[in-house]
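**Q** Submitted below is the structure of interest, expressed as structure tokens.
The values are calculated or read from the model by the stated rules, or taken from the named source; none is laboratory data. What you see is a predicted model; the values in this text were computed from it and never measured. Cβ placement follows ideal geometry from the backbone for every residue including glycine, while neighbour counts extend to all protein chains displayed.
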Amino acid sequence: MYVMEEPQRGIRAVYAASTITVYQAYSPDIGIPAGREGRFPTLWKRDRMTWVIKPR
């Protein structure tokens, strides 16, 4: 039986004809409060994003 290894990094997304939704992982210090409160905590900084997906 062949077992595929999960890559260390990857992009998770869902797409349709008019939209693309990309999922971003965060540490529990950011993700848990964001999920609970529906907004990012003050610990999250917008300028800390290190990559951007650009359309062709």
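**Q** Cβ-Cβ under 9 Å, sequence separation 6+ or interchain: first residue in the stretch 1-29 and within 30 Å of Thr42 (Cβ to Cβ), partner at pLDDT 85 or above and among the hydroxyl-bearing types (Ser, Thr, Tyr). Which pairs?
**A** Close Cβ pairs satisfying both conditions: Thr21/Tyr15.
**Q** Right, something else. Among the residues that make up the stretch 27-38, is at least one of them among the hydrophobic types (A, V, I, L, M, F, W, C), surrounded by 10 or more Cβ atoms within 10 Å (Cβ to Cβ) and either modelled with pLDDT under 80 or touching a Gly at 6+ places or on another chain (Cβ under 6 Å) (or both)?
**A** There is no residue in the stretch 27-38 that is among the hydrophobic types (A, V, I, L, M, F, W, C), surrounded by 10 or more Cβ atoms within 10 Å (Cβ to Cβ) and either modelled with pLDDT under 80 or touching a Gly at 6+ places or on another chain (Cβ under 6 Å) (or both).
**Q** Separate question: Just give me the residues in the stretch 1-23 being modelled with pLDDT under 80 and not in a strand (DSSP E or B), in sequence order.
**A** Listed by number, the residues that qualify are Met1, Tyr2, Val3, Met4, Glu6, Pro7, Gln8, Arg9, Gly10, Ile11.
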